[in-house]
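Just so you know, all these numbers are worked out from the coordinates, no wet-lab data involved. As the structure is a computational prediction, the values presented were derived from the model and not from experiment. Because the Cβ atoms are built from the backbone with ideal geometry, glycine has one as well, and the counts that use them run over all protein chains shown.
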Amino acid sequence: MRFVWLALIVALLAGCGSGGGGAGGSVVQPAQATVAVSTEAASASTVLYAVQLTLRLPAGVTVAADPASGEVSAGILHPVDSAALAGARYQAATAAAQASVTLNIVDPAGLTVGALATLTCTVSPGSALNGTGFTLEGFSAKDQNGVVISGITPRLTLQAP
């Protein structure tokens with residue numbers, strides 16, 4: 001009987017490897033968050049023809065992009081107006097600067113103020129996510145002649161999963 005108990009204990013101990021317990025070896029997938037970019041103006045009928053802005057990302061947030069060129073991957077930036085042309089470049093974080101994405105949205109037919117686009121971001125596991133970590137810089141809206149339109153205010157809305 002002692003032999004059976006001893007064999008059972010040895011078998012149980014052998015089954016307990018040094019894997020550290022926890023998630024049983026499963027991989028934790030990064031979460032996604034969507035940032036919606038919109039504009040406001042005194043008149044809702046204000047027409048924009050081009051918008052450029054830089055979005056600074058908080059620590060732990062990235063955007064899928066080509067590592068060599070920074071060109072944001074297809075399906076990550078979604079302009080609200082299907083006729084608009086949109087592109088974006090991602091710059092990874094460095095020791096001195098936050099990660100950033102520069103967005104360009106152009107529509108030769110014009111866009112009225114309001115929703116412009118959404119950008120899908122990847123959030124690393126364990127990263128705290130809130131809207132205050134995202135900041136806008138270098139915003140400009142232009143008319144059909146390429147002249148900056150004053151009085152246009154950009155807005156960001158975080159749509160976390």
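Counting Cα-Cα pairs of segment 39-113 in 10 Å increments starting at 0 gives whole-percent bin shares of 18, 43, 27, 11, 0. A crude spin-label estimate for the pair residue 143 and residue 112, with each label 7 Å from Cα along the Cβ direction, gives 1.9 nm. Under the simplified labelling scheme, the residue 85-residue 34 pair shows an inter-label distance of 2.6 nm, with each label point 7 Å from Cα along Cα→Cβ. If you wrap segment 30-159 in the convex hull of its Cα atoms and look at it from every side, the mean projected area works out to 8.2 nm².
Between residue 68 and residue 97, the modelled label-to-label distance comes to 2.2 nm, taking each label 7 Å out from Cα in the direction of the beta carbon.
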